[in-house]
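The values are calculated or read from the model by the stated rules, or taken from the named source; none is laboratory data. Predicted model, so just to flag it, every value in this text is computed and none were measured. As a convention, Cβ positions derive from the backbone with ideal geometry for all residues, glycine included, and neighbour counts pool all protein chains shown. For accessibility, only protein heavy atoms count, side chains too; no ligands or nucleic acids. Shrake-Rupley method; radii C 1.70, N 1.55, O 1.52, S 1.80 Å.
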Amino acid sequence: QVQLVETGGGLVQPGGSLRLSCAASGSIFSIDAMGWYRQTPGNERELVAAFTSGGRSSNYADSVKGRFTISKDNAKNAVYLQMNSLKPEDTAVYYCLLKYDESFLPGVYLEVWGQGTLVTVSS
């Protein structure tokens, strides 16, 4: 069973920085997509940044372009989100999403979400 472990959330002042980490463990044959979403109370989960197309492309929400950077470590099946110039509106629970397949069923992709990590931007 594939699991995701997220770390790095916390409280930071406006203008500050945080780095989120997400590491996957378990039976992974290949990764189609891996990235970060966020959710605030009463709202739908939204894309923040993600690698897609097997890691060949990256996408960012317009609201974080120029401030957030997504990176990955293929050997560790991990993805990171460096968040700079944080704003109060970045406050949310951040979730890691992994889309992967297994060796006995290649090309059939499964999705798994992390447990979420809270980021609070406040003075």
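The set of residues from the range 105-123 being touching a residue at least 60 places away in the same chain (Cβ under 8 Å) and not polar (S, T, N, Q) comprises Pro106, Tyr109, Leu110, Val112, Trp113, Gly114, Gly116, Leu118, Val119, Val121.
Residue-by-condition table, conditions (1) farther than 14 Å from Leu18 by Cα; (2) open to solvent by 20 Å² or more (accessible area, probe 1.4 Å):
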{"residue": "Gly54", "(1), (2)": "yes, yes"}
{"residue": "Ser58", "(1), (2)": "yes, yes"}
{"residue": "Ser63", "(1), (2)": "yes, yes"}
{"residue": "Gln82", "(1), (2)": "no, yes"}
{"residue": "Thr91", "(1), (2)": "no, yes"}
{"residue": "Tyr94", "(1), (2)": "no, no"}
{"residue": "Leu105", "(1), (2)": "yes, yes"}
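On the stretch given as the range 9-19, residues that are open to solvent by 30 Å² or more (accessible area, probe 1.4 Å) and on the phi > 0 side of the Ramachandran plot total 1.
The set of residues in the range 27-67 that are aromatic (Phe, Trp, Tyr), more than 19 Å from Gln82 (Cα to Cα) and touching a Lys or Arg at 6+ places or on another chain (Cβ under 8 Å) is empty. Looking only at the range 107-123, decide whether some residue is in a strand (DSSP E or B), at pLDDT below 95, charged (D, E, K, R) and closer than 15 Å to Asp32 by Cβ. No: zero hits.
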